[in-house]
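Report on the following structure.
The values are calculated or read from the model by the stated rules, or taken from the named source; none is laboratory data. Owing to the predicted nature of the structure, the values given are computational and were not obtained by experimental measurement. Neighbour counts are summed over all protein chains in view; Cβ atoms, including those assigned to glycine, are modelled from backbone coordinates with ideal geometry. Protein only, heavy atoms only, side chains kept; ligands, DNA and RNA dropped before computing areas. Shrake-Rupley method; radii C 1.70, N 1.55, O 1.52, S 1.80 Å.
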Amino acid sequence: YGDRPAVSFQLLSGPRDPAETLSWSELFGKVIQTANLLRSLGVGEDDTVAYVLPNSNETVYTLLGGAIAGIVSPINPLLEADQISAILRETNAKVVVTLKSFPRTDVAQKVAEAVDFAPNVKHVLEVDLLRYVTGVKKLIIPLIRPKNVVHHTAATRDFNREIAKHPSDRLTFEDSKVDRVAAYFHTGGTTGMPKVAQHLYSGMVYNGWLGDRLLFGEQDVVICPLPLFHVFAVEPVLMSMIYSGAH
């Protein structure tokens, strides 16, 4: 259903606030660009790409592109810096995708601190939410953007600027045909530090197949109120949309 809407995101919740919608063809292109970028940064099938992001369209690109290029590791942006750092070290993440410093959130600052104690991270890719803002806010935010003091040595680049440098119609590398680990999801950590669970391609595809078979069709529209670091948002919701073509 290439021409049908795939994902929509809006930063603010007012009825007149702008939303960005991508068709399935457009989303496919962004995911392929993301996978190509990550592979160019040295991410192989056994390497980890972590993201510490709120929901956005870039979060979807990173989730799917990261699972194609390597192993994607979604991390709760509400965790403290030491917990984020512990997950980065345990999963041996090479690349971290996170927010550029933005008002009313300390995600960028926490990730900068976490990466300082995760020397395995070589690249930080930043998503600037400013592109989802319009009007006077778009002029004010650059003036009040919080400072982010960075001590780590990882190379920092703009996510959207970097993926635009890569082809969207084909992978620039050979895509493996075998089942393998696609994602690391950390548990809630209610009994200590979060534990990391491995998810296979086959399991993620199976979740999507179930959603298509039992619940959704291409005419359906589903609101996902859960964050995309949460397994329910990724597996039963997003994977079901991919398999069924729902929006």
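Data table
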{"item": "All positions within region 188-214 that are of a type in the set (Val, Ile, Thr), surrounded by 14 or more Cβ atoms within 10 Å (Cβ to Cβ) and not in a helix (DSSP H, G or I)", "result": "Val196"}
{"item": "Residue check for Thr98: open to solvent by less than 10 Å² (accessible area, probe 1.4 Å) and more than 23 Å from Tyr201 (Cβ to Cβ)", "result": "yes"}
{"item": "Identity of the residue in region 76-89, farther than 22 Å from Gly65 by Cβ, out of contact with any Asp or Glu (no Cβ under 8 Å at 6 or more places or on another chain) and not in a loop (DSSP other than H, G, I, E, B), that ends up least open to solvent (accessible area, probe 1.4 Å)", "result": "Ala86"}
{"item": "Matching residues in region 14-31 - criterion: being open to solvent by less than 50 Å² (accessible area, probe 1.4 Å), assigned to a helix (DSSP H, G or I) and out of contact with any strand residue (DSSP E or B) (no Cβ under 7 Å at 6 or more places or on another chain)", "result": "Gly29, Val31"}
{"item": "Spans of strands (runs of 3 or more DSSP E) in region 118-187 with at least 1 residues open to solvent by less than 80 Å² (accessible area, probe 1.4 Å) and of a type in the set (Gly, Ala, Ser)", "result": "155-158, 181-186"}
{"item": "In region 187-220, the residues that are in contact (Cβ under 8 Å) with a residue 40 or more places away in the chain and either farther than 23 Å from Ile75 by Cβ or under 20 Å from the mean Cα position of the chain (by Cα) (or both)", "result": "Pro194, Val196, Tyr201, Met204, Glu218"}
{"item": "In region 1-42, residue farthest from Ile223 (Cα to Cα) [restricted to those that are at pLDDT 95 or above and charged (D, E, K, R)]", "result": "Arg39"}
{"item": "Subset tally (residues that are over 30 Å from Glu80 (Cα atoms) and open to solvent by less than 70 Å² (accessible area, probe 1.4 Å)) for region 215-239", "result": "5"}
{"item": "Single condition Ile242 does not satisfy, out of (1) surrounded by 14 or more Cβ atoms within 10 Å (Cβ to Cβ); (2) in a loop (DSSP other than H, G, I, E, B)", "result": "(2)"}
{"item": "Cβ pairs under 8 Å, 6+ apart, first in region 6-23 and over 14 Å from Cys224 (Cβ atoms), second charged (D, E, K, R)", "result": "Leu11/Asp17; Leu22/Lys30; Ser23/Asp3; Ser23/Arg4"}
{"item": "Residues within region 32-62 that are in a helix (DSSP H, G or I), open to solvent by less than 10 Å² (accessible area, probe 1.4 Å), in contact with a Phe, Trp or Tyr (Cβ under 7 Å, 6 or more places away or on another chain) and closer than 22 Å to Gln198 by Cα, tallied", "result": "3"}
{"item": "Identity of the residue in region 29-62, hydrophobic (A, V, I, L, M, F, W, C) and under 30 Å from Gly135 (Cα atoms), that ends up nearest to the chain's Cα centre (by Cα)", "result": "Val60"}
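Here is a yes/no grid of residues against (1) over 21 Å from His186 (Cβ atoms); (2) of a type in the set (Phe, Trp, Tyr); (3) touching a Pro at 6+ places or on another chain (Cβ under 6 Å):
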position: Gly70; (1), (2), (3): no, no, no
position: Ile75; (1), (2), (3): no, no, no
position: Leu78; (1), (2), (3): no, no, no
position: Glu90; (1), (2), (3): no, no, no
position: Leu99; (1), (2), (3): no, no, no
position: Phe102; (1), (2), (3): yes, yes, no
position: Thr105; (1), (2), (3): no, no, no
position: Leu130; (1), (2), (3): yes, no, no
position: Leu139; (1), (2), (3): yes, no, no
